[in-house]
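Undergrad: Here you go, one structure.
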Amino acid sequence: MGSHFVRFYFHCIVPGNEAGFPEFRISVSNIITMKNIYNACILSTLSVLALFIAFACEREWDNPWDEKAGLDPADWAPQNLQVENLSITERKLTWTYSGDERIEGFKINRRKGDEPWQVAFQTLPKEARSWNDSEIIPDPALTYQYRIYAFAGAYNSASGSISVVPQIPSPSNLQINPNSITSVTLTWQDNSNGEEGFKIERKYEGGSWEQIAITAGTVWQDNDFDLNTVVYYRINAYFSQNISSWTIIFFDSSIPPPLNLTITVNSGTTVVLNWNFNHTGHMGFKIERLVEPGIWDEIYTTDPNQFSFTDNSPFFVINSYTYRVFTYFLQHNSEKTQAVFTLQMGMEINGGILFYLDGIGSGLVCTGIDQGTGAQWGCYGTTTGSTGTAVGSGALNTTAIVAGCSETGTAARICDELALNGYSDWFLPSKDELNLMYQNLKAIGMGGFTDGYYWSSSECSSGSAWIQRFTSGYQYDYYSKVNFFHVRAVRAF
C-alpha cells in the first residue's frame, strides 16, 4: 500500500453548545500504512469517547430548582414560620430549614393592611433563622402578612406564610384601693412593652367619659372625685395615636355612715351617744334630735375623731327619744344612722326615778331614797283642803298643806323644801301617784322602797290622810295624821 496524506475528523456530541453539540476534532497527519491508520483511528475514537463520558458526568444542576435537580419547590422551603411579640412596635419572625444547603439565602415579602406586597422586603443570608420587624404600627386595623422563601440564583422555593394583627395588649388586674372617703389609688398590670404610657378616663353614673390623667406608671391616685355616686374608671395603653382596648372598674363613693349608734341616759339629766367609724377623710359628724313628730333639730357638729356626744339638754317629754348621726364632707352627707330609746320605768331622768308617763309629754319621777322614815302628816284636827287623789294633784295638795299647816318637819313640808339633783320643785305624791310608785317601781323591785307605810298628800279628814303599805300595796284612809310613816318626794316634768 502506498503512502498517502490522510486527515480524519471525529465528532463527539455533548449537549450545551449553541447548536446543541460541541465539536471536537482530532487530526492525524502522517504517512502511515493502512493498518497503522486503522489502529490510530480506533485509539483516537476511544480517547474521544472517554473524554465525552468524563465531560458529561461532571455536568450537574446549578441550584435546587434547576430543572435537572428534579426537586419540588416545597422540598427546599423554610418550615415552622412563627411570630413572637418583642414589643408593640417590633415582631420577631423565626423559622427552621432542613432543605438543600446550596441555597444562597432567604427572602421575605411583607404586606401591611391593604397595601401591595413588598417583594423581597428583606434578603437574609442562608445561615439566618430569624428576623425582627421593628417598623410595626400598633394599629389593630392593620394586618401584617409575611412570606419567606429560600432562593438560589433566579430560583425560589415555595414560601411559608403567616399574619399578625399588631394590637396593643390591654392593662389587666385593675383595682381600686381606698385611702380615705375622698381618695382612692388605682393599680393595674402592664401587659405591653414599648407603649408610651396609659390614659385614664372617669365618669359618673349616667354621665360621659372624661380623660383625667396620662401616666407612665401603673399606679395613680384620684383625690378629686364626686361623693355619693358611682364612679367609673377605664384605662388603656397607648402609642402615638394607637390605643389598646379599655379596662374598666367602678366603685360606690358614698360617704360611709357611722355604725352601732347607742344611746345611754346618764345621771337623769344627760344622754350619751356613742358610735363607730373606721374611715378617714371626713370633716366630722352631725347630730340631729327629733323634737316632735316630723321635725328634726340639728344640735351638734363633732370633730372627725370624735365618736361620742353628750346631750346635756334632752327633752324628756315623750315616751320615745330619737337621735340620728351622719358623716359629712363639705356639702355631702352620709346616710343617717338612727337610734331610738324608749323611757322605761325605773330609768333615772330629770333628777329622779321614772315611775309614770302620760304619753303626751309629761311624767313623774321620785327621789332614789326616802326623805324621812318617821315623819308625821301634821296638823291633826285641821282641814287643809288637800283632798285631791288623782294623778297630777300631788303638787297642789302639797302647796295647800304647807299653806294651811305651819308645823315643821311634816311630810309635805319635807318634800316642799327639798332641793335635789338640781331641782327644787318636789312635792308629796297624791294617793294615786303614790300607788303608781308602788306598781311601777316597788312591785318590780326598783326604787329602794321599804316594806313600811308611806304618806300621800291626799287628806281624808281633819284627823286622817291616805297611806299605802308597800308590802302589800293596800291603801288606807283612816290612819291618823299623827302617825310616823315614810316619806318619798316626787316631781313632775
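Throughout, read-outs are computed from the coordinates displayed, never taken from laboratory work. Because the structure is predicted, anything quoted here is derived from the model rather than measured. Cβ atoms come from the backbone with ideal geometry, glycine included; neighbour counts cover every protein chain shown.
Undergrad: Where the only charges are on Cβ atoms (+1 Lys, Arg; -1 Asp, Glu), what is the dipole of segment 364-493 about its Cα centre, to the nearest 20 debye?
TA: The dipole magnitude comes to about 140 debye.
Undergrad: Are there any GluC sites (Glu not before Pro) in segment 109-200 that are in a DSSP loop and have at most 10 other Cβ atoms within 10 Å? List them by number.
TA: Taking segment 109-200 and a limit of 10 other Cβ atoms within 10 Å, the loop GluC sites (Glu not before Pro) found are GLU127.
Undergrad: Please check which bits of segment 353-381 a label hung off THR408 would reach, taking the label as a point 7 Å along Cα-to-C-beta and the cut-off as backbone N under 19 Å.
TA: 371-380
Undergrad: Right, next: When the Kirkwood hydrodynamic radius is evaluated over all pairs of different C-alpha atoms of segment 269-342, what value in angstrom, to one decimal, is obtained?
TA: Final number for the Kirkwood radius of segment 269-342 is 12.9 Å.
Undergrad: Please enumerate, by chain and number, the aspartates and glutamates with C-alpha under 15 Å from the C-alpha of LYS126, excluding those fewer than 8 residues away in the same chain.
TA: Reachable aspartates and glutamates: ASP100, GLU101, GLU104.
Undergrad: Below 23 Å, Cα to Cα, which lysines can LYS431 reach? Residues fewer than 8 away in the same chain don't count.
TA: Excluding near neighbours in sequence, the set is LYS442, LYS481.
Undergrad: Here's another thing I want to ask about it. Mind checking which aspartates and glutamates have their Cα closer than 20 Å to the Cα of LYS336? Skip sequence neighbours fewer than 8 apart in that chain.
TA: LYS336 reaches ASP226, ASP252, GLU288, GLU292, ASP297, GLU298, ASP303, ASP311.
Undergrad: How would you rank 357-370, 94-107, highest first, on the average number of other Cβ atoms within 10 Å across their residues? Spell out each step's value before the answer.
TA: Numbers: 357-370: 17.8, 94-107: 16.1.
Result, highest mean first: 357-370, 94-107.
Undergrad: Right, here's the next one. Averaging the inverse of every distinct alpha carbon separation and then flipping it gives the Kirkwood radius. What is it for segment 172-252, in angstrom units? List each step's numbers first, then the result.
TA: Details: mean 1/r = 0.0769 Å⁻¹.
For segment 172-252, inverting the mean 1/r across all distinct Cα pairs yields 13.0 Å.
Undergrad: Segment 442-474: which chymotrypsin sites (Phe, Trp or Tyr not before Pro) are DSSP loop and have at most 16 other beta-carbon atoms within 10 angstrom?
TA: Working: sites: PHE449, TYR453, TYR454, TRP455, TRP466, PHE470, TYR474; in loops: PHE449, PHE470, TYR474.
Loop-located and lightly packed - TYR474.
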